[in-house]
Amino acid sequence: MKKLKNKAPNIFNTPIAFFFMAIFLFYGGCKKDVPVPNYKTQNIFILVVDGARFTETWGEPTHQYIPHRSALLQQGVFCSKFYNNAFTATCPGHDAMCTGVYENINNTGIQYPTNPSIFQYWMKTFDRPCSEAWIVSTKDKLEVLSDCVAPEWRGTYRPSTDCGVNGLFTGYREDSTTFKNLKSITTNNHVRMAIVNFKQPDVAGHLGDSAAYLQGILDTDDYIFQFWNFLQSNPFYKDKTTLIITNDHGRHSAGHLDGFISHGDLCEGCKHIEFFALGPDFKQNYTCATPYEQIDIASTVAELMGFKVPTSNGKVMKDIFRN
Ligand SMILES: [Zn+2]
Ligand SMILES: [Zn+2]
């Protein structure tokens, strides 16, 4: 067959066309990329030392009950004015950290939070599986942190739980069991967000056993130290994991009511709590005197992990960030 003369050249077959097409595809593809994150943190663990009073942790001048945290301050940040400004009990305190709202839920485990948690927002925002978000708790009642009653959220985007002897209403277990489980959960899953509760200071305090109370603070200090070393020795977590240490509440100030045995009001002993954090985005060897509070944890976690918690009443603790 004879070739047609004067046929227009097919520009789509020319090298120039390929060049422009490549540029188009390259920039078109880039637009769909996830934006560059503002922070190095990719995983966050919140470790709660239940009911340790500030005067026995950072407020004790020699730091004799928190020797590991005291040494780790070289790598981290401590907030000297951190408060639970509302309901100084276990379930409400943990709820405030996770939702960014002081809700005053029942303290026995019969009531779920009203607002969605940072776990639910994170799982929904990034479509993450429940194997990456965990509630790990010595106290079984904290299983309520795994859900909320807001109609549009209830029963959805729920983190995994490992609470108490065997879930809600099965009783407390030992902190040593919680620590063992925490290590196996973080080894066997790529955990991206978790809150962990250790009971001992609170339970010993209620029993009026001051020696066991102080030993509980020492034991949790050791767990914290071991867990930080575990994270930093694991390639999945090393240098991209934030560890926050805090309390749900303190205990009555000395001379107030029954002293260290109970808690529940807004005396200085009950509301002044610990905030200590390690991770790639925090200042190091730094004591922050800006007043912050329990509900700020939710907003700060969300900021570091790149999602929003629109229902939080807290603020981002920007003064503890490196930049
Ligand atoms: Zn208590
Ligand atoms: Zn009090």
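The values are calculated or read from the model by the stated rules, or taken from the named source; none is laboratory data. As the structure is a computational prediction, the values presented were derived from the model and not from experiment. Positions of Cβ are generated from backbone atoms using ideal geometry, with glycine treated the same way; all protein chains shown enter the neighbour counts.
Among what's in region 167-223 and is away from ligand 1 (no atom under 16 Å from the Cβ) and part of a strand (DSSP E or B), pick the residue that is farthest from HIS252 (Cα to Cα).
Checking each candidate, the answer is MET193.
Restricting attention to region 136-155, and to residues there that are touching a helix residue (DSSP H, G or I) at 6+ places or on another chain (Cβ under 7 Å) and farther than 19 Å from ALA89 by Cβ, which single residue is surrounded by the fewest Cβ atoms within 10 Å (Cβ to Cβ)?
TRP153
Has region 224-236 got any residue that is more than 17 Å from the chain's Cα centre (by Cα) and either closer than 15 Å to GLU60 by Cα or within 16 Å of ligand 1 (Cβ to nearest atom) (or both)?
Within region 224-236 (the criterion being more than 17 Å from the chain's Cα centre (by Cα) and either closer than 15 Å to GLU60 by Cα or within 16 Å of ligand 1 (Cβ to nearest atom) (or both)), the answer is no, since none of the residues qualifies.
List pairs: first residue in region 284-309 and among the β-branched types (Val, Ile, Thr), second residue in a loop (DSSP other than H, G, I, E, B) anywhere in the structure, Cβ distance under 6 angstrom, at least six positions apart or on different chains.
These pairs meet every condition: THR287/SER80; ILE295/GLY100; ILE295/ASN313; ILE295/GLY314; THR300/VAL316; THR300/MET317; VAL309/GLY100.
Give me a count of the residues in region 59-82 that are in contact (Cβ under 8 Å) with a residue 60 or more places away in the chain and either within 24 Å of ASN323 (Cα to Cα) or in contact with a Pro (Cβ under 6 Å, 6 or more places away or on another chain) (or both). Reasoning before the result, please.
Quick first cut of region 59-82, residues in contact (Cβ under 8 Å) with a residue 60 or more places away in the chain only: 59, 65-69, 72-82.
Filter again for either within 24 Å of ASN323 (Cα to Cα) or in contact with a Pro (Cβ under 6 Å, 6 or more places away or on another chain) (or both), leaving 69, 72-82.
The qualifying residues number 12.
Assess whether GLY216 counts as being modelled with pLDDT of 95 or more and over 30 Å from ASN43 (Cβ atoms). Before the answer, list the steps.
Numbers: modelled with pLDDT of 95 or more: yes; over 30 Å from ASN43 (Cβ atoms): no.
No; evaluated as a whole, the condition is false for this residue.
If I filter region 247-295 down to residues being among the polar types (S, T, N, Q) and within 13 Å of ligand 1 (Cβ to nearest atom), which single residue comes out as surrounded by the most Cβ atoms within 10 Å (Cβ to Cβ)? I'd like the intermediate steps shown before the answer.
Pass one, region 247-295, residues among the polar types (S, T, N, Q): 247, 253, 262, 284-285, 287, 290, 294.
The next check asks that each one be within 13 Å of ligand 1 (Cβ to nearest atom); those that pass are 247, 262.
Working: ASN247: 27, SER262: 17.
Here the answer is ASN247.
So which residues in region 48-71 are more than 15 Å from ligand 2 (Cβ to nearest atom) and farther than 23 Å from SER137 by Cβ?
Scanning region 48-71 gives TRP58, GLU60, PRO61, THR62, HIS63, GLN64, PRO67, SER70, ALA71.
Restricting attention to region 175-183, does a residue exist that is over 15 Å from the mean Cα position of the chain (by Cα), under 20 Å from ILE105 (Cβ atoms) and in contact (Cβ under 8 Å) with a residue 12 or more places away in the chain?
No, region 175-183 contains no residue that is over 15 Å from the mean Cα position of the chain (by Cα), under 20 Å from ILE105 (Cβ atoms) and in contact (Cβ under 8 Å) with a residue 12 or more places away in the chain.
Taking the residues in region 109-120 that are touching a residue at least 60 places away in the same chain (Cβ under 8 Å) and more than 13 Å from the chain's Cα centre (by Cα) as candidates, determine which candidate is surrounded by the most Cβ atoms within 10 Å (Cβ to Cβ).
PRO116
Scan (1) assigned to a helix (DSSP H, G or I); (2) under 16 Å from PHE45 (Cα atoms) for the single condition LYS141 breaks and write down its number.
All conditions are met except number (2).
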